[in-house]
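One structure below.
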Amino acid sequence: MLHTQPITWVEISRSAVRHNLRLFRRHIGRTIQLMPIIKSNAYGHGLVEMARICTAAGVKWLGVVSLDEALTLRTQGIRCNILVLSFYHPDKIAEAIKKNIRLTVYSARAAKKINTIAARLDRKASVHVKIDTGTTRLGLLPDQVIGEVKQIAALPHIRLEGAFTHYADAENPDQVVTHRQHSIFTEAITALQAHGISIPITHSACSAATLLNPKTHDDMVRVGISLYGLWSVESPRHRRALQKKLPLKPVLSWHTRIIQVKDIPQGAHIGYGQTYRASQPLRIAVLPIGYWDGYDRGLSNIAVVVINGVRCPVRGRICMNLTMVDVTEVPRVRPGDTATVIGYNKKAEVSADEVARWLDTINYEVVTRINPLIPRIVTK
């Protein structure tokens, strides 16, 4: 008998989020502000769910990638400071100003557009200037900072609240590149001060820089992947040392339910392209999950899921909506049993890092690509 609950779902542990926030607050100290980054559906964890957990835990700032994400949070009752880190449609700037959403600017031209709209509304718009110190993405180049920011600071309906940068190599235990970028950023802020431009909040540290490089903490840190209990630091040795210092807890687990169990004979082929041939009689479980859900086709014949505490290998190609796994070693398996794609199941685990290794990618991609239509269920 199949359960009436969702057939595929993602669980988000409230206690794990709160635990990780406490660890980071302790790590950065009382004088530095903390901005959880919940962009891109909170790295797959659920935008609104994570915002509610974080604000209930006392968080004052949230970072998102787009104005659409920020507006969604406002419609869901999230009232803390929200910074749009990247992009926004000009037609929605007025709505952002009305809802007290901070926008990022990387040109005086963009700031002038915001200023015009704010003047029409008889409001002041708070903005943060992004400075490109070497990642070569969005932001003012160092030799543009003085000229552009002087124009921005002079706009009567603009409040220049913050300035920030982003690091290209913060995950590397060798912090040479990060130190160089932070020096460029600090020099730009100092030069602005020499021109009479004071910026209340400077921020540059991502998760890795927050963990590895206290010199980058500035006035505020932006914690992304590590908020979710996942690690961005590349070196296994440094990661182990950091785990002892900050024992972060994974926030996300991903589950589905078996929809069919069948016995197949030796020699039977499984799935599209017949890429797996049974070398002996097998019991196969069919799962209602596939690459539409974000379970990558590259995991075919490589990954395992956990069913009743047993790690069960994927057999055959992962389909758009279905995956077949070998449950021969699972006692009393039946339709309706839970299959864990990421997380613990009766003390056996499949981690996001393990899935990332199978795919030769990073844990960020594994969790962020989980289909946002799959229910996110907040647990204790």
Seminar exercise, completed: For segment 150-211, dividing by residue count, accessible area per residue (probe 1.4 Å) in Å² works out to 39
Exercise. How many Å³ per residue does the convex hull of the Cα positions in segment 227-341 occupy?
Worked result: 131
Exercise. Pick from A278, A42, A111: which residue has the top mean-square fluctuation in a GNM of the chain where Cα pairs under 10 Å get a spring?
Worked result: A278
Problem set entry | Using alpha-carbon coordinates, inclination of helix 108-121 to the longest axis of the chain, degrees | 80
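Tell me whether segment 1-126 comes out rounded, prolate or oblate; compute the Cα gyration tensor, take square roots of the eigenvalues as a ≥ b ≥ c, and use a/c under 1.5 as the rounded threshold. Write down the numbers at each step before the final one.
Details: a/c = 2.68, a/b = 1.57, b/c = 1.70.
The shape class here is oblate.
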Exercise. Short version: ³J(HN,Hα) in whole Hz for each residue of segment 370-379, in order, from phi by Karplus 6.51 cos²θ - 1.76 cosθ + 1.60 (θ = phi - 60°), x for Gly and Pro, what are they?
Worked result: 5, 3, x, 6, 5, x, 9, 10, 7, 10
For this session: Compute the semi-axes of the equivalent ellipsoid of segment 179-275, taking the square root of 5 times each eigenvalue of the Cα gyration tensor, and list them largest first in whole Å.
Result: 49, 16, 14
Exercise. When the Debye formula is applied to the Cα atoms of the chain, each taken as the same point scatterer, what base-10 log of I(q)/I(0) results at q = 0.10, 0.13 Å⁻¹?
Worked result: -0.71, -1.04
Seminar exercise, completed: Excluding residues fewer than 8 positions from K60 in its own chain, the aspartates and glutamates with Cα under 18 Å of it are E49, E69, E161, D218, D219
Problem set entry | Whichever lysines have a C-alpha closer than 16 Å to that of K112, once near sequence neighbours (fewer than 8 apart) are set aside | K92, K124, K130, K150
For this session: Could you pull out every residue, at least 5 positions away or on a different chain, whose amide H is within less than 5 Å of the one on A125? Hs are placed 1.01 Å off N in the peptide plane, and Pro or chain starts have none.
Result: I158, R159
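Quick check: at a probe of 1.4 Å, how many percent of the accessible area of the chain sits on carbon and sulfur atoms?
Working: 8680 of 17350 Å².
It is 50 percent, rounded to a whole number.
When DSSP beta bridges are limited to those with both residues in the chain, what percentage is antiparallel, rounded to the nearest 5?
Working: 30 of 61 bridges.
Approximately 50 percent, going by the DSSP bridge assignments.
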For this session: Between L282, L248, L160, find the one with the highest GNM mean-square fluctuation for the chain; connect C-alpha pairs within less than 10 Å.
Result: L282
Exercise. From the phi of every residue in segment 218-232, what ³J(HN,Hα) in whole Hz does the Karplus formula 6.51 cos²θ - 1.76 cosθ + 1.60 yield, where θ is phi - 60° and glycine or proline is x?
Worked result: 6, 8, 7, 10, 10, 9, x, 4, 6, 4, 8, x, 10, 10, 9
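The values are calculated or read from the model by the stated rules, or taken from the named source; none is laboratory data. As the structure is a computational prediction, the values presented were derived from the model and not from experiment. Protein only, heavy atoms only, side chains kept; ligands, DNA and RNA dropped before computing areas. Shrake-Rupley method; radii C 1.70, N 1.55, O 1.52, S 1.80 Å.
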